[in-house]
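Notes follow the structure.
The values are calculated or read from the model by the stated rules, or taken from the named source; none is laboratory data. Being a predicted model, the structure only gives us computed values, none of them experimental. Using ideal geometry, Cβ is built from the backbone for each residue, glycine included, and neighbour counts are taken over all protein chains shown. Ligands, DNA and RNA are stripped out before the accessible areas are found, and what is left, the full protein with its side chains, is counted by its heavy atoms. Shrake-Rupley method; radii C 1.70, N 1.55, O 1.52, S 1.80 Å.
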Amino acid sequence: MKRAEAREQMHAQILTAARQEIAVHGGGALSMRAIAREVGLVSSAVYRYFPTREALLTAMITESYGNLAEALATSGADRKRNLARRWETLGRAFRVWSMSNPHEFQLIYGTPIPGYIAPAETIPAAESVAVHFLTTGARRPVGEFNSSALHRQISPTAGSLDLDPSGTAAVIAEIAALVGMLTAEIAGHFVGTADPADHLFEAFLRRQTTTLGLS
């Protein structure tokens, strides 16, 4: 095996071991020593692939955003002419991915990891998820988000995608609401009230399309 291929393979093995470590112990307890042991390296050797624990976390976060973005891209939403149906398809794909990969979801949307500050390089990764919702739901103005101060703040993002500023702000708020809904479901907060949450989630998506003027 060529050196580059061997390095790429070990890089992937370290990421896999790190995800397993987080699944068991959480992001705050991520141990480079434990990861090295899992992949058969001495602890110092892991740093040849990831110079710091923060660099490893950043790689995991970027990869998780990429995995979610791919799930949205392959959901079939772009084949739907009706924008409300497209939004709902994206929402369902987001939920399926999150419920299937709860530890990845928590890594990118959960409680911040103590001592870790996400670097700027994670922003494009996060945008690769948001863009699917923005280009679907932010083409029309939304009155409640139509303020001059918010326009000034949102205009760079809206302008880069040729979207309505108030619609863009509304979509950002609805993405936050979607993340909150999934956070509650993954944590089991609907048990005893709306569990399984299928019907609640579908009603939630319909409410979102009404708010955004897609219905």
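For this structure, a couple of remarks:
- Summed residue charge, Cβ within 13 Å of R33's Cβ, Lys/Arg positive, Asp/Glu negative: 0
- Projected label points at S148 and E127, each 7 Å from Cα along the beta carbon direction, are separated by 2.8 nanometres.
- E174 sits with roughly 10 Å² accessible to a 1.4 Å probe, with DNA, RNA and ligands left out of the calculation.
- Heavy-atom accessible area ranking, 1.4 Å probe, most first, across V96, V179: V96, V179
- Taking all protein chains into account, the per residue accessible area for the chain stands at 54 Å² (1.4 Å probe).
- Degrees separating the helix 198-211 axis from the principal Cα axis of the chain, which is the longest one: 60 degrees
- Taking each residue as 0.36 nm, the span from A176 to R79 lengthens on full extension beyond its C-alpha to C-alpha distance by 32.4 nm.
- Maximal additional length on extending the V24-F190 stretch stands at 57.4 nm, based on 0.36 nm per residue less the C-alpha distance.
- For segment 1-110: rounded, prolate or oblate by the Cα gyration tensor [a/c cutoff 1.5]: prolate
- Rounded accessible area of L15 (nearest 10 Å², 1.4 Å probe): 10 Å²
- The calculated FRET efficiency for the pair T16 and T111, based on their C-beta separation and a Förster distance of 30 Å, comes to about 0.85.
- In the chain, a dipole from Cβ-located charges (positive for Lys and Arg, negative for Asp and Glu) runs towards its positive end, and of S43, N82, L182 it is N82 whose Cα lies farthest in that direction.
- Residue order by solvent-accessible surface for F94, F204 is F204, F94, largest first, with ligands and nucleic acids left out and a 1.4 Å probe.
- C-alpha center-to-center spacing [segment 150-215, segment 81-129] in angstrom: 12 Å
- For K80, net neighbour charge (Lys/Arg +1, Asp/Glu -1) across residues whose Cβ lies under 11 Å away: +2
- Within the accessible area of segment 1-82 (1.4 Å probe), percent carbon and sulfur: 48 percent
- Going by accessible surface with a 1.4 Å probe and the largest first, Y47, Y116 read Y47, Y116.
- Most mobile listed residue (V46, V171, V129) in the chain, GNM with C-alpha springs under 10 Å: V46
- Share of carbon and sulfur in the accessible heavy-atom surface of segment 103-194 [1.4 Å probe, %]: 59 percent
- When the surface is traced with a 1.4 Å probe over the full set of protein chains, K2 keeps roughly 150 Å² accessible.
- Under the simplified labelling scheme, the S100-A34 pair shows an inter-label distance of 2.6 nm, with each label point 7 Å from Cα along Cα→Cβ.
- GNM top mover of T193, T74, T111 - the chain, alpha-carbon springs below 10 Å: T193
- Build a GNM of the chain with springs between Cα atoms under 10 Å apart, and of A18, A173, A93 the one that fluctuates most is A173.
- Degrees, to the nearest 10: 53-73 long Cα axis against longest axis of the chain: 40 degrees
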